[in-house]
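Report on one structure; see the data block that follows.
The values are calculated or read from the model by the stated rules, or taken from the named source; none is laboratory data. This is a predicted model, so every value here is computed, not measured. Reconstructed Cβ throughout: ideal geometry from the backbone, glycine too, with neighbour counts over all protein chains shown. Quick note on the areas: whole protein, heavy atoms, side chains included, nothing else; ligands and nucleic acids left out. Shrake-Rupley method; radii C 1.70, N 1.55, O 1.52, S 1.80 Å.
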Amino acid sequence: QVQLVESGGGLVQDGGSLRLSCAASGRTFSSYAMGWFRQAPGKEREFVAAINWSGGSTDYADSVKGRFTISRDNAKNTVYLQMNSLKPQDTAVYYCAAHYGKYFNTRRSGYDYWGQGTQVTVSS
């Protein structure tokens with residue numbers, strides 16, 4: 001089993017940057033592909049970014065391509081989401097998720113474990 005704890009959320013102005021971190025428990029972090037999802041008030045949880053077990057392959061939602069970067073450090077059991085050029089429409093609770101397997105998935109149903117989420121608020 002994997003436990004995930006997100007951090008790094010907060011309030012930022014339009015055009016600003018934040019880096020989210022997700023620390024995973026356990027010694028087999030590299031056995032998991034990782035993803036970031038987000039959920040805005042009144043909306044469904046949506047895919048943001050994903051990364052395979054080694055960090056060599058990534059994918060992004062069209063809405064964040066060119067602005068967000070997902071990365072991982074297997075030695076630190078941590079996955080990151082660097083968010084630049086933030087917009088008010090990026091405001092949401094951001095969730096880290098783990099999928100047991102080397103290759104990532106862009107669907108919510110493809111993930112086995114979820115963190116509690118961290119709030120990101122972008123003011124205009």
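The residue of the range 1-16 that is surrounded by the fewest Cβ atoms within 10 Å (Cβ to Cβ), among those that are among the aliphatic types (A, V, I, L, M) and in a strand (DSSP E or B), is Leu11.
Within the range 22-40, the set of residues being in a strand (DSSP E or B) and not aromatic (Phe, Trp, Tyr) comprises Cys22, Ala23, Ala24, Ala33, Met34, Gly35, Arg38, Gln39. Only one of the listed residues (Ala33, Ala40) is surrounded by 20 or more Cβ atoms within 10 Å (Cβ to Cβ) and modelled with pLDDT of 95 or more. That residue is Ala33. For Arg19, the conditions (1) more than 23 Å from Gly110 (Cα to Cα); (2) open to solvent by less than 50 Å² (accessible area, probe 1.4 Å); (3) part of a strand (DSSP E or B); (4) not hydrophobic (A, V, I, L, M, F, W, C) all hold with the exception of (2). Scanning the range 57-92 for residues that are open to solvent by 60 Å² or more (accessible area, probe 1.4 Å) and on the phi > 0 side of the Ramachandran plot turns up Gly66, Ser85. Against the list (1) part of a strand (DSSP E or B); (2) under 15 Å from the mean Cα position of the chain (by Cα); (3) among the hydroxyl-bearing types (Ser, Thr, Tyr), the condition Tyr100 fails is (2).
Quick check: anything in the range 98-111 closer than 24 Å to Gly15 by Cβ, surrounded by 22 or more Cβ atoms within 10 Å (Cβ to Cβ) and at pLDDT 95 or above? Walk me through how you get there before you give the answer.
Initially, the range 98-111 is screened for residues closer than 24 Å to Gly15 by Cβ, giving none.
Among the residues of the range 98-111, not one is closer than 24 Å to Gly15 by Cβ, surrounded by 22 or more Cβ atoms within 10 Å (Cβ to Cβ) and at pLDDT 95 or above, which makes the answer no.
In the range 103-124, the residue that is farthest from the chain's Cα centre (by Cα) out of those that are farther than 13 Å from Arg45 by Cβ and part of a strand (DSSP E or B) is Ser123.
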